[in-house]
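The values are calculated or read from the model by the stated rules, or taken from the named source; none is laboratory data. Owing to the predicted nature of the structure, the values given are computational and were not obtained by experimental measurement. Positions of Cβ are backbone-derived with ideal geometry, glycine not excepted, and every protein chain shown enters the neighbour counts. Ligands, DNA and RNA are excluded from the accessible area calculation, which covers all protein heavy atoms including side chains. Shrake-Rupley method; radii C 1.70, N 1.55, O 1.52, S 1.80 Å.
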Amino acid sequence: MGIFELIFIAVGLSMDAFAVSICKGLSMKKMSYKNAVVAGCFFGGFQALMPIIGYILGVQFKQYITKFDHWVAFALLTIIGIKMIWEAHKPTCPITDDSFGFKNMTAMAVATSIDALAVGVTFAFFQVKIVTAASIIGIITFIFSFTGVKIGHFVGAKFESKAEYAGGFMLIAIGIKILADHLMK
């Protein structure tokens, strides 16, 4: 898996955190860069941690799946992508409180990073350098989350569902590419 694929996966995975960050920005009465950094750290940190956990789990049963790992990667990425597209139809910004406290942010960070756990499993099948991949995912999610808080505060919920659509389509496209690359060998 190349750097561009990792970047596209990272952007796709970060869209949930971006959408939640926009909502958190909407809830703020006054723009706080500290809160934008907090959102970036929580979302980026969990998005970086979850693929590592998924990778560790995936390595445990890799030997049993190697013959059809491309199908597993395609299925997982497609399911995650479809889920993101489906969630884009939900009402915008269900998060209305302005809390950036530990419990609140941890719960939201875990909820938005479950998809990254599944992606980490697929990374195990393709011998991806997990530290590099997790770092890229974490950094990109930090940037999107930080920016999402600022956008939410200044612009509003206008872009939230578009981000979910874009992320979903990116993950589906990467899944199709993985499958096509394997089938064309």
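I'd like to know if region 69-85 contains one or more residues that are under 11 Å from the mean Cα position of the chain (by Cα), surrounded by 15 or more Cβ atoms within 10 Å (Cβ to Cβ), in a helix (DSSP H, G or I) and modelled with pLDDT of 75 or more. Looking through region 69-85, none of the residues is under 11 Å from the mean Cα position of the chain (by Cα), surrounded by 15 or more Cβ atoms within 10 Å (Cβ to Cβ), in a helix (DSSP H, G or I) and modelled with pLDDT of 75 or more.
Can you confirm whether region 34-57 contains a residue that is modelled with pLDDT under 80, under 13 Å from A118 (Cα atoms) and under 16 Å from the mean Cα position of the chain (by Cα)? No, that holds for no residue.
All of (1) at pLDDT below 95; (2) buried (at least 23 other Cβ atoms within 10 Å of the Cβ) hold for I137 with one exception: (1). Suppose the filter is aliphatic (A, V, I, L, M), outside any helix (DSSP H, G or I) and either surrounded by 17 or more Cβ atoms within 10 Å (Cβ to Cβ) or in contact (Cβ under 8 Å) with a residue 60 or more places away in the chain (or both); does M50 pass it? No, not satisfied. For D16, the test of being within 24 Å of V149 (Cα to Cα), modelled with pLDDT of 75 or more and acidic (D, E) is passed. Looking across K150, K90, K129, one residue alone is at pLDDT 90 or above and farther than 26 Å from M1 by Cβ. It is K150. For region 4-32, the set of residues classified as open to solvent by 40 Å² or more (accessible area, probe 1.4 Å) and either in contact (Cβ under 8 Å) with a residue 12 or more places away in the chain or among the charged types (D, E, K, R) (or both) consists of I7, F8, L26, K29, K30, listed by residue number. Restricting attention to region 109-134, the residues being farther than 21 Å from S21 by Cα and either surrounded by 24 or more Cβ atoms within 10 Å (Cβ to Cβ) or not hydroxyl-bearing (S, T, Y) (or both) number 15. The residues of region 153-168 include none that are open to solvent by 40 Å² or more (accessible area, probe 1.4 Å), under 18 Å from I9 (Cα atoms) and either among the acidic types (D, E) or modelled with pLDDT of 75 or more (or both).
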